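Asks: First, the structure itself, so that you have it in front of you.
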Amino acid sequence: MKILIVLPVYNEELVLEKNAKQVLAFCQKNFTDDEFKIVIGDNNSHDQTAEIGRRLKEEFPEIDYFFTAKKGKGVAWREIFLREEADIYIVMDVDLAVELSGTKLLVDGIKEGYDLAVGSRFLKDSVVNRSFFRDLSSSVYRFLVRFILDTKISDFQCGFKAINNKIKENILSHIKDPGFFLDTEITIYSEKAGYRVKQVPVNWSEFRDVRRKSTVNVFETTIEYLKKILKLRREVKKFVNTRKDPPLTN
């Protein structure tokens, strides 16, 4: 079974080399050499990220590097998923906010027959360490999505997910958001189309590396996302009603 792991990056020169090597060491310990591939997905970085990514590709046969001139976290990992062939496709944030041990839960979820496995910071067994401000903004966003879209999923923006080829071919190819909202899109589209979704607990920390600062303006992003949530409700309903293949059941 082939496992593809994508690390989306944008100006991540401070943590890319160290964290990519951590992901590699974890995979070498838990999977066979021919069972996994790691791809660094560069969203048009303008620091030393590209140089580091290319050097890692040359140094380690298990690591590949992909550059796109388009900006947006969702651009790189979506394009990589669509062009690569695997059985399990995983995306994780390069800051490794989620402990790597959770990767096995994602893999196990797909192997068990689920189509999408999502890390959730809101499950009973999850352990979360983050600031009050980030916790509040995340809770507001979560409330909006669950209320407007009537979903059973508990976490949409945790950058820690796995999909199978059904989701790649039938869902991912239809969604277009270039940024962080792609996480919400793929989750909601999959659930509403009747695909099997498994939520897995995560150990998540906002403070993995104090040198790395988030470039996301939380309040501006929340307002932007509210507009996208309302648009997504219309688009998902249309998508489900016009699918050529019959709806699935969980």
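The values are calculated or read from the model by the stated rules, or taken from the named source; none is laboratory data. Note that the structure is a prediction, hence the values are computed from the model and not measured. With ideal geometry, Cβ positions are generated from the backbone for all residues, glycine too; neighbour counts draw on all protein chains shown. Keep in mind that these areas ignore ligands, DNA and RNA; they rest on the heavy atoms of the full protein, side chains included. Shrake-Rupley method; radii C 1.70, N 1.55, O 1.52, S 1.80 Å.
Asks: Starting from 0.36 nm per residue, how many nanometres of slack lie between D34 and E13 once their C-alpha separation is accounted for? Numbers along the way, then the final one.
Replies: Working: separation 21, 0.36 × 21 = 7.56 nm, distance 2.79 nm.
Length difference between fully extended and current span is 4.8 nm.
Asks: On a full-extension model of 0.36 nm per residue, what is the gain between F239 and I223, subtracting their alpha-carbon distance, rounded to one decimal in nm? It would help to have the intermediate numbers written out before the result.
Replies: Numbers: separation 16, 0.36 × 16 = 5.76 nm, distance 2.44 nm.
This chain segment gains 3.3 nm when fully extended.
Asks: Here's a follow-up. For the pairs K21/K152; K124/K238; K18/K70; K71/K168; K29/K166; K168/K228, note any where the Cα-Cα span goes beyond 32 Å. Display every interim value, and only then the final one.
Replies: Working: K21/K152 35 Å; K124/K238 34 Å; K18/K70 25 Å; K71/K168 21 Å; K29/K166 28 Å; K168/K228 22 Å.
Violating the 32 Å limit, Cα to Cα: K21/K152; K124/K238.
Asks: Determine the percent antiparallel among the DSSP beta bridges restricted to the chain, to the nearest 5. Mind showing how you got there, number by number?
Replies: Values: 8 of 33 bridges.
Rounded to the nearest five, the antiparallel share is 25 percent.
Asks: Could you check the simple spin-label distance between T68 and L230, using points 7 Å along Cα→Cβ, in nm with one decimal?
Replies: Spacing of the two 7 Å Cα→Cβ label points: 2.8 nm.
Asks: Please compute the modelled spin-label separation between E51 and L123, points set 7 Å along Cα→Cβ, answer in nm with one decimal.
Replies: Spacing of the two 7 Å Cα→Cβ label points: 4.1 nm.
Asks: Give the ranking of E35, E169 by solvent-accessible surface, highest area first, calculated with a 1.4 Å probe.
Replies: I get E169, E35, largest accessible area first.
Asks: Out of the DSSP beta bridges found with both residues in region 101-207, what percent are antiparallel (nearest 5)? Walk me through the numbers on the way to the answer.
Replies: Numbers: 3 of 11 bridges.
In region 101-207, DSSP labels about 25 percent of beta bridges as antiparallel.
Asks: Now for a different question. With only alpha-carbon atoms counted, please give the Rg and Dmax of the chain, in Å.
Replies: 17.2, 49
Asks: Normalising by the residue count of the chain, find the relative contact order in percent from Cα pairs under 8 Å and 6+ residues apart. Write out the running numbers ahead of the final one.
Replies: On the way: 425 pairs, mean separation 56.1, N = 250.
Computed value for the chain: 22 percent relative contact order.
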